[in-house]
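Structure record follows, encoded as structure tokens.
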Amino acid sequence: NGQIENYVYGPEPANSTKYYKVRAYQKIGGKKYYGEFSAPVYTQLPTRQHIHYHQGDAAWGFSTSVKKNACVVTATAIVLQNNGVEATPRTVYDRNGCRTSLHFPTILSKFGVRPVAAVSASSPYYNGFSDGRTYIKNPAANGRTAIAEALTRNPEGVLVYFSGNGSHAVVAMRNSNGTIYYSDPGRVAARGHNVTLANTWVGVGHGMGYSNLQYIMAID
């Protein structure tokens with residue numbers, strides 16, 4: 001169609017480059033005859049920036065006891081901010097009535113967003129969506145691939161909560177060739193941003209892995 005000037009193919013991951021060639025064709029007697037391919041042209045997809053908040057940062061003014069229990073508050077703030085919603089651990093904590101335990105539909109509505117299923121209901125990993133939380137079938141076998149699917153649907157990041165030998169919340173940020181990278185609110189940026197699960201406090205501090213995944217939280 002000679003009227004088409006722009007064409008978008010997607011979805012595509014951020015930080016990647018797509019190359020294209022085009023060629024003309026003409027139908028003669030019901031048969032297609034093709035011209036030569038053009039030189040390749042490319043488009044650079046934008047780099048997605050992810051913020052990192054540390055729950056122990058003095059900037060939030062948390063007491064010692066709150067700092068120790070603010071991982072979900074802080075991870076929620078990270079996901080909100082990465083979705084373009086102004087939020088810090090302190091604003092999430094304050095709007096939650098100065099409590100660290102969250103009811104996701106209530107707190108997210110105070111920021112003008114809502115929780116959505118992190119993976120499709122037709123996904124083989126889906127095991128329900130309740131109270132803003134997406135549950136995964138057999139997380140030991142499916143946890144990593146389910147989070148990868150969640151990131152395809154929600155490239156801004158998703159909150160992932162683990163429990164077993166302790167409990168902790170982190171934010172899955174990106175999937176790079178099957179390796180999931182996280183922002184861990186329990187650790188300072190030098191140790192907790194853009195790290196694999198084994199290098200988050202989930203792995204380092206609690207000795208947990210994907211078998212301990214409890215739920216995923218995504219927002220719209």
Practice task
Under a cut-off of 29 Å between alpha-carbon atoms, report the lysines in cross-link reach of LYS32, not counting same-chain residues fewer than 8 places apart.
Solution key: LYS18, LYS21
Exercise for the section: Name the residues whose placed amide hydrogens come within less than 5 Å of the amide hydrogen of TYR215, ignoring near sequence neighbours (fewer than 5 apart) on the same chain. Expected result: TYR161
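Select from the stretch 86-187 those GluC sites (Glu not before Pro) which occupy a DSSP coil region and have at most 10 other Cβ atoms within 10 Å, ordered by residue number. Walk me through the numbers before you get to the answer.
Working: sites: GLU86, GLU149, GLU156; in loops: GLU86, GLU156.
Those satisfying the criteria are GLU86.
How large, in percent, is the carbon and sulfur part of the accessible surface of the stretch 176-220 at a probe radius of 1.4 Å? Walk me through the numbers on the way to the answer.
Values: 810 of 1890 Å².
The computed percentage sits at 43.
Run lengths n ≥ 4 of DSSP H only: what is the helix-derived mean residue ellipticity at 222 nm for the chain, with -39500 (n - 2.57) per run over all residues, to the nearest 500? Numbers along the way, then the final one.
On the way: 7 runs with 54 residues, N = 220.
Helix contribution divided over all residues of the chain: -6500 deg cm²/dmol.
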Exercise for the section: Relative to the longest principal axis of the C-alpha atoms of the chain, give the angle of the C-alpha long axis of helix 139-153, reported between 0 and 90° and rounded to the nearest 10°. Expected result: 60 degrees
Practice task
Would you kindly compute the Cα radius of gyration of the chain and its largest Cα-Cα separation (Dmax), both in Å?
Solution key: 21.2, 80
Handout entry: lysines with Cα under 23 Å of LYS67, excluding same-chain neighbours fewer than 8 positions away
Key = LYS110
Exercise for the section: Return one whole number: the accessible area per residue of the stretch 38-152 in Å², for a 1.4 Å probe. Expected result: 49 Å²
Exercise for the section: Taking the chain as the reference, fit the longest principal axis to its C-alpha atoms, fit the long axis of helix 71-82 to the helix C-alpha atoms, and give the angle between the two in degrees, 0 to 90, nearest 10. Expected result: 30 degrees
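The values are calculated or read from the model by the stated rules, or taken from the named source; none is laboratory data. On a predicted model such as this, the values are computed, not experimentally measured, just so you know. A quick note on method: Cβ atoms are made from the backbone with ideal geometry, for glycine too, and the neighbour counts reach across all protein chains shown. We work out accessible area using only protein heavy atoms, side chains counted, and drop any ligands, DNA or RNA first. Shrake-Rupley method; radii C 1.70, N 1.55, O 1.52, S 1.80 Å.
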